[in-house]
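Participant: Take this structure first; my questions come after.
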Amino acid sequence: MSQNTAAALCNDPVTPCRKVAFVGSECYPFVKTGGLGDVMYALPRALLKEDCEVRVILPLYNCMADKYKKMLEYKGSFMMDLTLEGRTFYVGIMEAEMDGVTYDFIDNKEFFDWGNPYTGLWEDIPKYCFFSKASLAVLNYLGWIPDIIHCHDWQAALVPMYLRTHFAITPVGEAKSVLTIHNLRFQGICSIPHLKYWSGLPDHLFHYPWLKINDDEANMFKGGLAFADWITTVSATYAQEIQTSDFGEGLDNHLRYHSPKLSGIVNGIDVDIWNSATDKLLEAPYDESDFLEKKILNKRALQQKMGLEQDDGKMVLGLVSRLTDQKGLDLIDTIFTRIMDGNTQVVVLGTGDSRYENAFRYYESKYKGLVSAKITYNESIAHAIYAGADAFLVPSLFEPCGLTQLIAMRYGTIPIVRETGGLKDTVLPYNPEENTGNGFTFCLYRPDDLLDAVNRAKTVFFTDRWRWDEMVRRDMQKDVSWEKSAAQYADLYDRLSGE
Ligand code: ADP
């Protein structure tokens, strides 16, 4: 859309001024494995208030709960060619509408009938080649041509490439593309012949400026980043970090080259879902005015639910996380016995590497009544921890944005975080001189530095409760909503669609 047309539509009270298609591999409440799912849900809703019309395009995974499958309405189907041989595949479109956002699910049993939703890269590469190409074909089929196609992570990274090749002279080829990096660790790397075969992309794209990373391998994220009209990542600090060899996951050179079209916009959280005053999953909902009386009721309920001693005097540390190296769990593991001083309890919720799952199971059996580890994925326990814990651990090795510290703050649970990525941008360190800040932070990735931060938190919790409670109130009042960031995305969309 030209700038003039966009401006004309903006003055029209009934026509939204920007049309945006979101393309990504997961979206709460349909399918969620991590923060990407939260963003795919919350950002489109926030964009509605920025005068955008948003469609979210997702795979129709078989693992989606029946109650959501029942919401879907058949919108049409067609055959699409994929692969070097031009094999044809069925593309079905199943649609749902929720609170003003349209969700189009791409149906194909061959690709999406198994997995949770990810399986292994060997199968995931064909799955997301199909998904990326089908997303554009669906937009053409529906005749809904967006100004912006906003793609998320490596699974949707081929969209900008298809847009400028197979779809360049089709209606959707008019759109501009934005590719957001939620986590650079996962890139969609495989052998060149495997990606060549499945993507069907032309040979000349399998060179170093685009998909190729070495003599044998191609990288979907790398190609997408080169072709996208703009790249965003989910915090300003991570946008800088990924241009360094420590955080660039092998793409730092590529990202430095493309840095003129790279910016960081911090994530928010959906403050309607994450609202301690209305949260139906809580024992006792609370807000800034009554947290002193009510938060303790949630703490007791959490202790009971998790099989811990019910003791108001203990400090409860919470952890809700994927249990992987990224999350700094080796630091926690190293200092665990030193955290356990008789006055501290630890509650853990998460799944992931067996090394960490087993470590937390072990601590649970070693410190009966003081440590509880639920090795599972469970939304309701997560809410109970955010509300019932006193402090919340996020000592990540790297953290593009991180949502759990935002949720913890919103629920008045004080974060203890490492100063990296979005953690650095969202948690201001406690300053005892000025009585400011939102949590306890440490800089270097060292176990003793985490222990020091935990001990600083304990000191304030046990010896200066008044200041602790002031920090709780400050955190609950902090703006962690999507409002400001959605406005920044809308500005970016305007800039791009005006070009
Ligand atoms: P990442 O996307 O790297 O996993 P984020 O902090 O961005 O981390 O987002 C994590 C999201 O997943 C949060 O909403 C968190 O509450 C949720 N989550 C993580 N593990 C679990 C779990 N085991 N059970 C319930 N929710 C979880």
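Just so you know, all these numbers are worked out from the coordinates, no wet-lab data involved. Quick caveat: nothing in here was measured; it's all calculated off a predicted structure. When we count neighbours, we look across all protein chains shown, and the Cβ atoms used for this are built from the backbone with ideal geometry, even at glycine.
Participant: Ordered by residue, what ³J(HN,Hα) values in Hz, to whole numbers, does region 435-441 give under the Karplus form 6.51 cos²θ - 1.76 cosθ + 1.60, where θ = phi - 60° and Gly and Pro are x?
Facilitator: 6, 10, x, 10, x, 10, 10
Participant: If you don't mind, there's one more thing I want to ask. Calculate one ³J(HN,Hα) per residue across region 22-28 by plugging θ = phi - 60° into the Karplus curve 6.51 cos²θ - 1.76 cosθ + 1.60, and present them in order as whole Hz with x for glycine and proline.
Facilitator: 8, 10, x, 8, 8, 7, 4
Participant: Can you spot the lysines whose alpha carbon is less than 20 Å from residue 67's alpha carbon? Ignore those fewer than 8 places along the same chain.
Facilitator: 32, 75, 109, 280
Participant: In terms of the Cα gyration tensor, with a ≥ b ≥ c the square roots of its eigenvalues, is region 256-337 rounded because a/c is under 1.5, prolate because a/b exceeds b/c, or oblate?
Facilitator: oblate
Participant: List the residues whose amide H sits under 5 Å from the amide H of residue 53, counting only those 5 or more places along or on another chain, with H placed 1.01 Å from N in the peptide plane.
Facilitator: Answer set, sorted by chain and number: 18, 19, 20.
Participant: Relative to the present Cα-Cα distance, how much length would full extension add between residue 208 and residue 170 at 0.36 nm per residue of separation?
Facilitator: 10.9 nm
Participant: Against the longest principal axis of the chain, how steep is helix 447-463, in degrees 0 to 90 to the nearest 10, with axes from Cα atoms?
Facilitator: The angle comes out at about 50 degrees.
Participant: For the Cα atoms of the chain, what angle does the longest principal axis make with the long axis of helix 379-388, in degrees from 0 to 90, nearest 10?
Facilitator: Tilt relative to the chain: about 40 degrees.
Participant: In whole Hz, what ³J(HN,Hα) sequence does region 121-134 give by Karplus (6.51, -1.76, 1.60; θ = phi - 60°), x for Gly and Pro?
Facilitator: Karplus-based 3J(HN,Hα) across region 121-134 equals 4, 4, 8, 5, 4, x, 4, 8, 5, 4, 4, 5, 5, 5 Hz.
Participant: Still on this structure: Pairing the Cα long axis of helix 329-339 with the longest principal axis of the chain, what angle in degrees results, from 0 to 90 and rounded to the nearest 10?
Facilitator: Helix 329-339 sits at roughly 10 degrees to that axis.
Participant: Would region 372-499 count as rounded, prolate or oblate if I go by the C-alpha gyration tensor, calling it rounded below 1.5 in a/c and otherwise prolate when a/b exceeds b/c, oblate otherwise?
Facilitator: prolate
Participant: Rounded, prolate or oblate: pick one for the chain, where a ≥ b ≥ c are the square roots of the eigenvalues of its C-alpha gyration tensor, a/c under 1.5 means rounded, and failing that, prolate if a/b is larger than b/c, else oblate.
Facilitator: Cα axes put the chain in the prolate bin.
Participant: Can I ask one more? For the modelled label position 7 Å from the Cα of residue 73 along Cα-to-Cβ, which residues of region 36-64 have backbone nitrogen atoms closer than 17 Å?
Facilitator: The answer is 54-56, whose backbone nitrogens lie closer than 17 Å to the label point.
Participant: Hey, another quick one. Compute the length gained on full extension between residue 65 and residue 304: take 0.36 nm times their separation in residues and subtract their Cα-Cα distance, giving the result in nm to one decimal.
Facilitator: So the extension gain works out to 83.1 nm.
Participant: Note down the nm distance, to one decimal, between modelled labels 7 Å out along Cα→Cβ at residue 463 and at residue 98.
Facilitator: 4.8 nm
Participant: Show the residues, 5+ positions off or on another chain, whose built amide H is closer than 5 Å to the amide H of residue 352.
Facilitator: Here the answer is 323, since their amide H atoms fall under 5 Å of that of residue 352.
Participant: What is the extension gain from residue 240 to residue 380, computed as 0.36 nm multiplied by their sequence separation minus the C-alpha to C-alpha distance, in nm to one decimal?
Facilitator: In short, 46.9 nm is gained.
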